[in-house]
Amino acid sequence: MSGQNAELTCHIDPIASGAHHHVQWLRSGSTISRNDRVTRYGVRNRFFISTKKPYNLGLRNADLYDAGKYTCNDALKGVAIGDLEPHLVVLNPASCPMSGTTTFIQNDTITFEWSVTYAGERDDSQKPIITWTLNGIEQTAIADETTLGVFKSTFTKTASSYDNQKQLNCSFSVLNIQQHCSTKLKIIESLGQSDIVLIGGPRDRAVLSGKNAELTCHIDRIASGARHLVQWIGNSIRSGLSKPLSVNDTVIAIDIPNKFYISTEKPYNLGLRNIDLDDAGKYTCSDILRGKSIGGLEPHLVVLDPASCPMSGTTIFYQNDIITFEWSVTYAGERDDSQKPTITWTLDGIKLTSPADETTPGVFKSTFTQKAYSYHNQKQLNCSFSVLNIQQHCSTKLDVRRNPALKPTLFVNGKIIQDQAILQRKVGTNVQLKGELLAKPMPLYTWWFKSKCHQDFDTVDYRDTKELNDIQFNQTGIYRCCVSNFYFEECSEVTIEVVGPNTVADLKRATTSQRRAIMFICAGGSSTALFIGFNCA
């Protein structure tokens with residue numbers, strides 16, 4: 001059988017055969033082993049030589065690729081030992097289609113199909129043939145081997161009371177392998193039409209993966225009469241198409257154990273245990289005798305499998321960090337687009353815009369991205385979705401903290417400078433100071449100035465830009481730009497030193513007021529100004 005170990009016999013007496021014997025196993029002309037050693041590289045984990053019965057060849061976890069002819073060879077004589085080259089026939093039967101008891105209603109069509117995939121046979125006598133019996137009497141079945149290497153057999157019969165409580169068996173045997181499976185037939189008599197009285201009719205339902213759910217088809221059994229027949233029919237990946245699941249209060253889908261049950265409190269609601277995406281789909285609560293669905297609706301079971309909540313408790317960010325969260329929901333079984341999950345993001349109850357992504361069918365993904373500003377601080381970020389009766393949400397409180405390195409960026413004449421930089425500018429030139437800091441809400445700017453002659457700062461402007469045109473010596477000092485809003489205040493500063501001309505030519509171009517403020521110290525009769533200063537007095 002596929003998946004099992006096997007041993008091909010070539011049991012040699014190594015003592016009686018002499019010290020120089022050379023036994024090798026061959027397959028398709030390639031050497032597998034020499035005496036007690038597997039020599040073929042790449043298959044040493046698949047083959048082994050028996051230590052109890054040398055030189056039997058063992059195969060681990062055999063599959064269809066291992067099937068075929070093997071030769072136990074006397075390498076010195078160049079002939080097969082025992083005059084037989086054994087065949088390994090590998091069989092891979094489909095899962096047994098029957099088990100326990102299967103219920104049918106009179107005149108239903110009893111249908112079962114079983115197939116066996118095989119390889120490695122020596123001739124037709126080693127091919128599997130499936131036999132069907134009913135209480136030991138062989139039955140006629142349809143054989144099909146249109147697919148090479150696959151033997152399929154289908155048993156079909158109209159259910160009658162004669163078949164009730166009889167054992168239906170199917171089996172095959174090849175060489176040393178025998179397999180069979182069986183079921184006891186339970187045939188229910190059809191007693192004519194009935195009027196079904198509903199207490200609670202079918203409706204669509206959503207459920208989270210891993211949970212139990214109950215589909216409604218609550219019948220008043222007394223008012224519906226003794227002859228009513230109610231059946232659930234499944235259409236899902238797990239059940240397949242149009243699979244009968246129950247008859248009244250009896251589950252008949254016994255090939256799917258521990259999955260379905262009929263409610264004892266609300267007959268004939270259909271319960272499903274430990275649901276996953278394979279259980280999603282359409283289910284029909286049917287009036288068998290009338291041949292139509294009950295309640296006029298074939299309910300859909302929508303299964304939702306959300307990813308773990310990406311948020312919890314409090315999440316810390318620093319100003320200008322990028323706040324990013326992503327949540328996704330895998331789903332199946334929806335009737336239409338209205339039953340697909342849609343993720344919504346809110347900040348303190350205000351709906352936010354976020355990109356949606358469903359490039360992978362059956363997976364709805366949504367991403368929230370924003371730059372962290374101080375106004376986000378202590379606000380509640382929430383994401384949620386709802387489908388039918390299911391609502392899910394997760395949230396976090398945003399703790400947005402001041403970034404210690406976050407200060408206004410300073411520009412002097414359009415060029416970025418470092419905080420607390422010291423710059424020299426010639427008297428009479430134009431200097432433009434500008435501060436910049438991205439923040440929400442929009443911040444306010446204040447420029448402060450402290451000259452060499454004062455201890456305190458004075459306010460000089462309330463814009464982001466401070467213009468110093470025709471700068472004078474008395475404008476030497478520290479210029480501080482402060483940016484603030486409701487949540488913070490940050491400052492950066494620059495020291496501007498106003499210096500005089502370097503040459504007599506520069507001095508001649510100076511204004512009268514500039515000349516009065518210039519003091520010369522001449523060295524060695526030079527006419528060049530070596531030091532320019534400002535006298536606070």
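The values are calculated or read from the model by the stated rules, or taken from the named source; none is laboratory data. Note that this is a predicted model, so its numbers are computed, not measured. Counting neighbours? That spans all protein chains shown, and the Cβs are built from the backbone with ideal geometry, glycine included. In case anyone asks, the SASA skips ligands and DNA or RNA and just uses the protein heavy atoms, side chains included. Shrake-Rupley method; radii C 1.70, N 1.55, O 1.52, S 1.80 Å.
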Restricting to the stretch 46-68, give me the number of residues that are open to solvent by 60 Å² or more (accessible area, probe 1.4 Å) and part of a loop (DSSP other than H, G, I, E, B). 6
Give the residues of the stretch 216-240 that are within 22 Å of Ala206 (Cβ to Cβ) and aliphatic (A, V, I, L, M), sorted by residue number. Ile233, Ile237
Residue among Gln178, Gln167 that alone is out of contact with any helix residue (DSSP H, G or I) (no Cβ under 9 Å at 6 or more places or on another chain), surrounded by fewer than 18 Cβ atoms within 10 Å (Cβ to Cβ) and without any contact (Cβ under 8 Å) to a residue 24 or more places away in the chain: Gln178
Identify all residues within the stretch 124-153 that are in a strand (DSSP E or B), within 17 Å of Cys181 (Cα to Cα), touching a strand residue (DSSP E or B) at 6+ places or on another chain (Cβ under 7 Å) and not aromatic (Phe, Trp, Tyr); write none if there are none. Thr131, Thr133, Leu134, Glu138, Gln139, Lys152, Ser153
Filter pass, Glu493 being assigned to a strand (DSSP E or B), in contact (Cβ under 8 Å) with a residue 24 or more places away in the chain, exposed (fewer than 15 other Cβ atoms within 10 Å of the Cβ) and of a type in the set (Asp, Glu): no
Can you name every residue in the stretch 73-92 that is open to solvent by 60 Å² or more (accessible area, probe 1.4 Å) and either touching a helix residue (DSSP H, G or I) at 6+ places or on another chain (Cβ under 8 Å) or not in a loop (DSSP other than H, G, I, E, B) (or both)? Val79, Gly82, Asp83, Asn92
Determine, yes or no, whether Ser95 is over 16 Å from Asn5 (Cα atoms), surrounded by fewer than 13 Cβ atoms within 10 Å (Cβ to Cβ) and either touching a Lys or Arg at 6+ places or on another chain (Cβ under 7 Å) or modelled with pLDDT of 90 or more (or both). yes
Reported set for the stretch 322-341 where residues are open to solvent by less than 80 Å² (accessible area, probe 1.4 Å), touching a strand residue (DSSP E or B) at 6+ places or on another chain (Cβ under 8 Å) and not small (Gly, Ala, Ser) is Ile323, Thr324, Phe325, Trp327, Val329, Thr330, Tyr331, Glu334, Gln339, Lys340, Pro341
Could you list all residues from the stretch 126-149 that are among the polar types (S, T, N, Q) and within 43 Å of the chain's Cα centre (by Cα)? Thr146, Thr147
I'm trying to understand the selection: among the residues of the stretch 370-407, which are open to solvent by less than 30 Å² (accessible area, probe 1.4 Å) and hydrophobic (A, V, I, L, M, F, W, C)? Ala372, Leu381, Cys383, Phe385, Val387, Ile390, Cys394, Leu398, Val400, Leu406
Output the residue which, of all residues in the stretch 350-369 that are of a type in the set (A, V, I, L, M) and within 27 Å of the chain's Cα centre (by Cα), is surrounded by the fewest Cβ atoms within 10 Å (Cβ to Cβ). Ala356
Number of positions in the stretch 421-470 that are acidic (Asp, Glu), assigned to a loop (DSSP other than H, G, I, E, B) and either within 30 Å of Asp321 (Cα to Cα) or at pLDDT 90 or above (or both): 2
Out of the stretch 109-163, which residues are of a type in the set (A, V, I, L, M, F, W, C), in contact (Cβ under 8 Å) with a residue 24 or more places away in the chain and open to solvent by 70 Å² or more (accessible area, probe 1.4 Å)? Ile129
